[in-house]
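Report on one structure; see the data block that follows.
Values in this text are rule-based calculations from the coordinates and carry no lab data. Nothing here was measured: the structure is a model prediction, and the numbers come from that model.
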Amino acid sequence: INEEGKLSSMEPSQIREAAVAVRAFQAELLTEMQAAQKLLVSRQIDAKKRNSMGEQTELARLQERLRSVQTQANAFRILPAPVERHLATQKHIDEAAGKVEAAEEA
């Protein structure tokens, strides 16, 4: 949904559904990365207590890989600009439609 042409051909409901799915995935990804971080820290502490240099080295390598993944994931935390603009515009349209309906009923 990050291509302007594809976005313009999608229905508003499809765009909202895609945005909700992306945000849900991002939340799940963040939760899983935090769990992985806690597990790595716990294992690093255990490895230090045992003076296991080989294990400490491997855990440090995994820690670096996790940081790299976190950096990449942070780059995609916000939705593409065309999607954000579309969602903001759609929100304003929905609010205006609600005001019009309320005025018609009054």
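Some notes on this structure:
- Per residue, the convex hull volume that the Cα atoms of segment 16-68 enclose (Å³): 52 Å³
- Cα-based convex hull volume of segment 45-97 per residue, rounded to whole Å³: 75 Å³
- Structure-derived P(r) over Cα pairs in 10 Å bins from 0, in percent - corresponding label in [x] 12, 27, 21, 17, 12, 7, 3, 1; [y] 10, 12, 10, 9, 9, 8, 8, 7, 6, 5, 4, 4, 3, 2, 1, 1, 0; [z] 14, 19, 14, 12, 11, 13, 7, 4, 3, 2, 0: [x]
- Value of relative contact order over the chain, rounded to a whole percent, pairs C-alpha under 8 Å and six or more apart: 41 percent
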